Amino acid sequence: MSATPHQNPWITHSKRPVYDNPWISVSESAVTNPGGGDGIYGVVHFKNRAIGVVPIDDEGNTWLVGQYRYTLNSYEWEIPEGGCDENERPIDAAKRELQEETGIIANEFEPILDNIALSNSVTDERATIFVARQLTFTESNPEETEDLQLKKLPLMEAIEWVHKGAITDSVSVMALLKIAANS
């Protein structure tokens, strides 16, 4: 069976909820796949949109956030990022997350990537990413689950961290490589 680009080749026979919490829900569907075989498909639904922000000062520096990621069992360096509730505008979430995690307030936000699928084989999570400029600095206010460390470094060095594999978070990688491609 060959599908046209706009035709869904999957047949869903039934769908049932498996798990639900304030951040995600998991469902399992009985399906017939594009090749005609019957099986199951599990989907993780994210209740918030992912938001990423690359702050850049007048000297070409940026800030990374370091934290221990429970899911990976490792310490990771990332751009400031967080979640955007369905009732919140992405720009407002970007402003909030940047200030919460870094203490940075920006007067200028430019969207550089929107509606990016983060792991579309198993989740429906989408991301919006901004560059922030015209920065001022206040106190950060991280959430209870965040034990953060900040690192100021030249933007080009952060991009090199991506190339060396020192930054592996998908939102951070996409944001920094997009900026590098536009430089």
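The values are calculated or read from the model by the stated rules, or taken from the named source; none is laboratory data. The model shown is predicted, which means the values in this text are computed figures rather than measured ones. Backbone-built Cβ (ideal geometry, glycine too); neighbour counts: all protein chains shown.
Observations on the structure shown:
- Taking (1) hydrophobic (A, V, I, L, M, F, W, C); (2) in a loop (DSSP other than H, G, I, E, B); (3) without any contact (Cβ under 8 Å) to a residue 12 or more places away in the chain in turn, ILE167 satisfies each apart from (3).
- Single residue of ASN48, ASN21 found to be buried (at least 17 other Cβ atoms within 10 Å of the Cβ) and without any contact (Cβ under 8 Å) to a residue 40 or more places away in the chain: ASN48
- Filtered residue count, region 131-149, keeping only those that are more than 24 Å from ILE24 (Cα to Cα) and under 18 Å from the mean Cα position of the chain (by Cα): 2
- Residue in region 89-100 that is part of a strand (DSSP E or B) and either among the hydrophobic types (A, V, I, L, M, F, W, C) or free of Cβ contacts under 8 Å to residues at least 60 places away in the same chain (or both) present: no
- So TRP77, is it surrounded by 20 or more Cβ atoms within 10 Å (Cβ to Cβ) and either closer than 18 Å to GLU110 by Cβ or in contact with a strand residue (DSSP E or B) (Cβ under 6 Å, 6 or more places away or on another chain) (or both): no
- Single residue of GLY60, GLY39 found to be more than 30 Å from ASN8 (Cβ to Cβ), surrounded by fewer than 17 Cβ atoms within 10 Å (Cβ to Cβ) and more than 12 Å from the chain's Cα centre (by Cα): GLY60
- Condition check for ILE105: under 17 Å from ALA50 (Cα atoms), modelled with pLDDT of 95 or more and of a type in the set (A, V, I, L, M): no
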